[in-house]
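Participant: My questions all concern the structure below.
The values are calculated or read from the model by the stated rules, or taken from the named source; none is laboratory data. The structure presented is a predicted model; accordingly, all values stated were derived computationally and were not measured. Note: ideal-geometry Cβ built from the backbone for every residue, glycine included; neighbour counts use all protein chains shown.
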């Protein structure tokens, strides 16, 4: 690295802003970052104009940390623009990596979402039925806003991505690993996921033994938590199907893993793997005695399969969205 | 859609259902030629990801067949597959894909007729359903 400072950019698309906070969670190391790098774009914290980015030479930005999924034309345009202007593009956080919570909007489409948000919600009063339009005429002239898409996409379904930092938000230790590697110029091979190649269970504090459950419980239904694997207590925990690196933080707070780390290495589909794991241990004792209705009753305790098994990853799953019927 | 010929992938367990399909052949039973058999050692080997991947690739129907309860060569693979398929069906319902596209059957080595009947019924049902809605997307 030359003596010249590194140039960073942070951008957010369809995300909640938690990833931006996570950047600050690296505490005083942020001062090292500030010493080593200039920040050229960070809409959440500083005032920049898109035209300043447009005016940069191609490849001017050293590293762009991009969080959020892509679900409207502004986000898509900025993804392409920042890709052109950045040497290294990092998909930062679950939304950019696998689609994240906004990805669950793939269970509906633009029409369905607009109907709920602008017409059907109990707190909405919209007698004229006004919905946002990409372009509208007012007396001062034409007003435009970004176009809303039917389908939420991940960052790498939109542009080429160099590195992936999964997590909702990415754990501080992984952000530190990434930032340190960038400052030292010791980046892993392109396309790497900056997280360990092991599952959340590997880092989980709970005692684990044979898994065999007779029913599925939702978190609120468990009165007294035992000090053992949550799956063994009947709570759906996505630990076995989820990439670790988070130090199993949620488990430390007695909450099950919901899968923000994305699929484990070499797994095509996180939800499919979890379905396999869960169905295998559910009703394992005396499984030969269950009749078909009893098996159905067991399975029916999974209330919302997509929301349970694809909470952070519907846009990157094998089946990326709901099939909408006319 | 009169000309529609559904594509069917059948995962058949080595010990019962594949032998059942073999018997259907050696007994010269007639069944629709839409089915492509894949032999697996146990129906328990069929990962839900195989089923989802087949659907994503545009296959119209997936048949998984294993030994009858109590007959599994590995003791309990068929019970697990039964539960997996039920959970996959529930997932597909939520994703707007007809869950009838995935079917699990117990077919023993002596049930050549049941294999032929199952395939015939399944292909008939798939013709009613029409092409896999994910097919357009993957082309």
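Participant: State the number of residues belonging to the range A:11-33 that are under 30 Å from residue A:146 (Cα atoms) and in contact (Cβ under 8 Å) with a residue 60 or more places away in the chain.
Facilitator: Step one: filter the range A:11-33 for residues under 30 Å from residue A:146 (Cα atoms), giving A:11-24.
This time we only want the ones that are in contact (Cβ under 8 Å) with a residue 60 or more places away in the chain, so: A:11, A:13-16, A:18-19, A:21-23.
Matching residues across the range A:11-33 total 10.
Participant: Do any strands (runs of 3 or more DSSP E) lying entirely in the range A:14-112 carry at least 3 residues that are crowded, with 24+ Cβ neighbours inside 10 Å, and which ones are they?
Facilitator: Details: elements: A:37-41, A:61-67, A:70-72, A:86-92.
Of the strands (runs of 3 or more DSSP E) lying wholly inside the range A:14-112, those with at least 3 residues that are crowded, with 24+ Cβ neighbours inside 10 Å span A:61-67, A:86-92.
Participant: Continuing with the same structure: Between residues in the range A:146-162 that are not assigned by TED's automatic domain parsing to the domain that holds residue A:77 and surrounded by 19 or more Cβ atoms within 10 Å (Cβ to Cβ) and residues that are modelled with pLDDT under 95 and not in a helix (DSSP H, G or I), which pairs lie under 9 Å by C-beta distance while being six or more apart or on different chains?
Facilitator: Correct list of pairs: empty, since none qualify.
Participant: Here is a check on your reading of the model: is residue A:29 more than 24 Å from the chain's Cα centre (by Cα) and under 17 Å from residue A:92 (Cα atoms)? Give the derivation first.
Facilitator: Values: more than 24 Å from the chain's Cα centre (by Cα): yes; under 17 Å from residue A:92 (Cα atoms): no.
In short, no.
Participant: Go through B:115, B:124 for me and flag whichever is under 13 Å from residue B:8 (Cβ atoms), out of contact with any strand residue (DSSP E or B) (no Cβ under 9 Å at 6 or more places or on another chain) and away from every other protein chain (no Cβ under 12 Å).
Facilitator: Numbers: B:115 fails: out of contact with any strand residue (DSSP E or B) (no Cβ under 9 Å at 6 or more places or on another chain).
Of the residues listed, the single one that is under 13 Å from residue B:8 (Cβ atoms), out of contact with any strand residue (DSSP E or B) (no Cβ under 9 Å at 6 or more places or on another chain) and away from every other protein chain (no Cβ under 12 Å) is B:124.
Participant: Between A:284, A:314, A:251, which is in contact (Cβ under 8 Å) with a residue 60 or more places away in the chain and surrounded by fewer than 23 Cβ atoms within 10 Å (Cβ to Cβ)? Walk me through it before giving the result.
Facilitator: On the way: A:314 fails: surrounded by fewer than 23 Cβ atoms within 10 Å (Cβ to Cβ); A:251 fails: in contact (Cβ under 8 Å) with a residue 60 or more places away in the chain.
Residue meeting the stated conditions: A:284.
Participant: Has the range B:33-48 got any residue that is touching a residue at least 40 places away in the same chain (Cβ under 8 Å), away from every other protein chain (no Cβ under 14 Å), surrounded by fewer than 22 Cβ atoms within 10 Å (Cβ to Cβ) and out of contact with any strand residue (DSSP E or B) (no Cβ under 7 Å at 6 or more places or on another chain)?
Facilitator: No, because not a single residue in the range B:33-48 is touching a residue at least 40 places away in the same chain (Cβ under 8 Å), away from every other protein chain (no Cβ under 14 Å), surrounded by fewer than 22 Cβ atoms within 10 Å (Cβ to Cβ) and out of contact with any strand residue (DSSP E or B) (no Cβ under 7 Å at 6 or more places or on another chain).
Participant: Would it be correct to say that residue A:85 is assigned by TED's automatic domain parsing to the domain that holds residue A:17 and at pLDDT 95 or above? Let's see the steps before the verdict.
Facilitator: Details: assigned by TED's automatic domain parsing to the domain that holds residue A:17: yes; at pLDDT 95 or above: yes.
Yes.
Participant: Taking the range A:208-239 as the region of interest, how many residues are more than 21 Å from residue A:305 (Cβ to Cβ) and out of contact with any helix residue (DSSP H, G or I) (no Cβ under 9 Å at 6 or more places or on another chain)?
Facilitator: Counting residues in the range A:208-239 that are more than 21 Å from residue A:305 (Cβ to Cβ) and out of contact with any helix residue (DSSP H, G or I) (no Cβ under 9 Å at 6 or more places or on another chain) gives 4.
Participant: Looking at (1) within 23 Å of the chain's Cα centre (by Cα); (2) not in a helix (DSSP H, G or I), find the lone condition where residue A:325 falls short.
Facilitator: The one condition residue A:325 does not meet is (1).
Participant: If you go through the range B:58-83, how many residues are over 18 Å from residue A:282 (Cβ atoms) and at the interface with another protein chain (Cβ under 9 Å from one of its Cβ atoms)?
Facilitator: Going through the range B:58-83 one residue at a time, the tally reaches 1.
Participant: Let me ask something additional. Filter the range A:228-248 for residues that are assigned to a loop (DSSP other than H, G, I, E, B) and touching a residue at least 40 places away in the same chain (Cβ under 8 Å) and give the result. So that I can check it myself, show each step before the final result.
Facilitator: First pass over the range A:228-248, keeping only residues assigned to a loop (DSSP other than H, G, I, E, B): A:229-230, A:234, A:236-238, A:244-248.
Selection gives A:236, A:238, A:244, A:245, A:246, A:247, A:248.
Participant: Please state which of the following conditions residue A:128 fails to meet, knowing it meets all the rest: (1) more than 27 Å from residue A:192 (Cα to Cα); (2) out of contact with any helix residue (DSSP H, G or I) (no Cβ under 7 Å at 6 or more places or on another chain); (3) not in a loop (DSSP other than H, G, I, E, B).
Facilitator: Going through the list (1) more than 27 Å from residue A:192 (Cα to Cα); (2) out of contact with any helix residue (DSSP H, G or I) (no Cβ under 7 Å at 6 or more places or on another chain); (3) not in a loop (DSSP other than H, G, I, E, B), residue A:128 breaks only (3).
Participant: When you check residue A:278 against the structure, is it at the interface with chain B (Cβ under 9 Å from one of its Cβ atoms), touching a helix residue (DSSP H, G or I) at 6+ places or on another chain (Cβ under 8 Å) and within 18 Å of residue B:92 (Cα to Cα), yes or no?
Facilitator: Working: at the interface with chain B (Cβ under 9 Å from one of its Cβ atoms): yes; touching a helix residue (DSSP H, G or I) at 6+ places or on another chain (Cβ under 8 Å): yes; within 18 Å of residue B:92 (Cα to Cα): yes.
Judged against the criteria, residue A:278 is a match.
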